[in-house]
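The values are calculated or read from the model by the stated rules, or taken from the named source; none is laboratory data. Nothing here was measured: the structure is a model prediction, and the numbers come from that model. So basically every Cβ, Gly included, is an ideal-geometry build from the backbone, and we count neighbours across all protein chains shown. Areas reflect the complete protein model, heavy atoms only, side chains present, ligands, DNA and RNA absent. Shrake-Rupley method; radii C 1.70, N 1.55, O 1.52, S 1.80 Å.
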Amino acid sequence: MPAVIAVTPGEPAGIGPDVCVGLAARETDACLVYVGDPAVIAARAQLLGRSFAYSPWRGRALATPGHYVLPVSAAHPVAAGRLDPGNAAYVVATLEQAIDGCLAREFDALVTGPVHKGAINDAGIAFTGHTELLGDRCGAEPVMMLACPGLRVALATTHLPLREVSRHITRERLERVIRVLHRDLVRRFGLADPVIAVCGLNPHAGESGHLGSEETEVIGPALDRLRAQGLRLRGPLPADTAFIPQQLEGVDAVLAMYHDQGLPVLKHHDFAHAVNITLGLPFPRTSVDHGTALELAGTGRADPSSLYAAVQAALKMVRAAHERG
């Protein structure tokens, strides 16, 4: 039975449809099910001078490897590069339908294209991000991790204003996040005894309390408690040196305290092949590491490499789970 992967194109006016067209041009030994409006993807393919060949999705019992569409209709006509908040509910509906399909085991994993949070919120729909929606829909407390060849970076907090980060760094939160990260490094990536490097929050990891107390009062005690339970943890480390090769030697993942502490390093390391992975869910979820790039939509300059990498990462996790039974 081939793996079945749900793919949501994301914001229809952005490059999500472009990269789906690029992905659909590739042969696959899985079933890739695009959850969205086939007319939107077909129109983008026509604009790009490409083709978009697919079959209607009729359920996994009838599935053979190839490209399929599970149709969800956009509310308004779509113009490449032009946001329309009127399609915000459509974007959220594609995500919800794909998530529900994963929960019902119709799909083995979910791969998501980029959404425009501003357009969704402008439509009056409270939306912080994919990770938060997945957590709500699945009744889980997910952890966001980005990965590329040679580096994995997870986040203790995700989409928060910088002024709010410190109060969200608690012992309870750190212990939960690190346990989820450790468990999924074992479960999803086959690492028997992973090593996790943990960044401090403040410059120089607080300089023994002179530049902030979070390391001595919160982060350090949380790590000590988890070390006593057998987890292999390094830190808290100064973030400005946590990513140098000597520090990364033997490390399986780095935990950054906030979004822009860790992700710029990873994206500089290998932007084209970076993948966003949501840990702590009952199914694998991966995503592109880029945004909607409205200025590239319909130009032919959108690179599908990250979407392809996201699909490959999801397939690897699905197959690993099948092998373990």
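What are the pairs, 6+ residues apart or on separate chains, where a residue within region 145-167 that is modelled with pLDDT of 95 or more has its Cβ under 9 Å from a residue that is assigned to a loop (DSSP other than H, G, I, E, B) and among the charged types (D, E, K, R)?
What qualifies is R152/D252.
If you take the residues of region 294-312 that are in a helix (DSSP H, G or I) and open to solvent by 10 Å² or more (accessible area, probe 1.4 Å), which of them is nearest to A274 (Cα to Cα)?
Filtering region 294-312 for residues that are in a helix (DSSP H, G or I) and open to solvent by 10 Å² or more (accessible area, probe 1.4 Å), the one nearest to A274 (Cα to Cα) comes out as A309.
In this structure, does T112 turn out to be without any contact (Cβ under 8 Å) to a residue 40 or more places away in the chain and of a type in the set (S, T, N, Q)?
So T112 does not fit the description; no.
Residue-by-condition table, conditions (1) at pLDDT 95 or above; (2) of a type outside the set (K, R); (3) within 27 Å of the chain's Cα centre (by Cα):
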{"site": "L211", "(1), (2), (3)": "no, yes, no"}
{"site": "I219", "(1), (2), (3)": "yes, yes, yes"}
{"site": "G230", "(1), (2), (3)": "yes, yes, no"}
{"site": "L233", "(1), (2), (3)": "yes, yes, yes"}
{"site": "A253", "(1), (2), (3)": "yes, yes, yes"}
{"site": "M257", "(1), (2), (3)": "yes, yes, yes"}
{"site": "H269", "(1), (2), (3)": "no, yes, yes"}
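Filter region 142-188 for residues that are open to solvent by less than 10 Å² (accessible area, probe 1.4 Å) and polar (S, T, N, Q) and give the result.
T157
Considering region 14-40 alone, what residues qualify as being closer than 18 Å to A88 by Cα and either outside the structural domain of A79 (by the TED database) or not in a loop (DSSP other than H, G, I, E, B) (or both)?
G16, P17, Y34, V35, G36, P38, A39, V40
Pick from L315, L266: which is part of a helix (DSSP H, G or I), closer than 17 Å to A109 by Cβ and touching a residue at least 60 places away in the same chain (Cβ under 8 Å)?
Criteria check complete, one pass: L315.
If you check T112, T128, T157, which single one turns out to be polar (S, T, N, Q) and under 22 Å from A253 (Cα atoms)?
Testing whether each residue is polar (S, T, N, Q) and under 22 Å from A253 (Cα atoms) leaves just T157.
Hey, does region 227-248 have a residue that's assigned to a helix (DSSP H, G or I), hydrophobic (A, V, I, L, M, F, W, C) and closer than 20 Å to P194 by Cβ?
yes
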